[in-house]
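Any read-out appearing in this document is the output of simple, stated calculations on the displayed coordinates, not a laboratory observation. These numbers were taken from a predicted model, which means no experiment stands behind them. Backbone-built Cβ (ideal geometry, glycine too); neighbour counts: all protein chains shown.
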Amino acid sequence: MRDFVLDASVALAWLLPDEACAASVGALLDDAENITLVVPELWRLEIANILLTAEWTNRFRAQEIDFFIERLEALPVAVWRDDISSFGDVIQLGRKHRLTAYDASYLNLALRLGLPLATLDKPLRRAANAENIPDPLGLAA
């Protein structure tokens, strides 16, 4: 397995048993010790926001969230620090594929680094497929 860009949807499916595609995601991330998972800077904030919302809506208790954070911190994650040149690229990709700036940032990172993109987000998967970015999960666009 080679390094790949990891979006929040895949990380959350690994953590949360009721999320879609948990088995294929589990196989990918449970065996992640020999790869690097590359994420944009917004990744941690995106995960934190989802976990806080899950706690506030009583989907999970604080202790469960703390356990999820421990598991995430154990992943071999490399945070990519964008420079100002990424700003225009993200806007262009968002326009081209009708993606949010957040999703376009994952796509931009995969394009810049020439890495596969692991996502469960259907519009992002379609955009990655259109840009000829491999999917390490092997899901259909």
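Before moving on, here are some points about what is shown:
- D (Stokes-Einstein, µm²/s), Kirkwood Cα radius, segment 54-141, 1.567 mPa s at 4 °C: 88
- Protection proxy ranking of 55-61, 102-108, by the mean of other Cβ atoms within 10 Å over each peptide's residues and highest first, is 102-108, 55-61.
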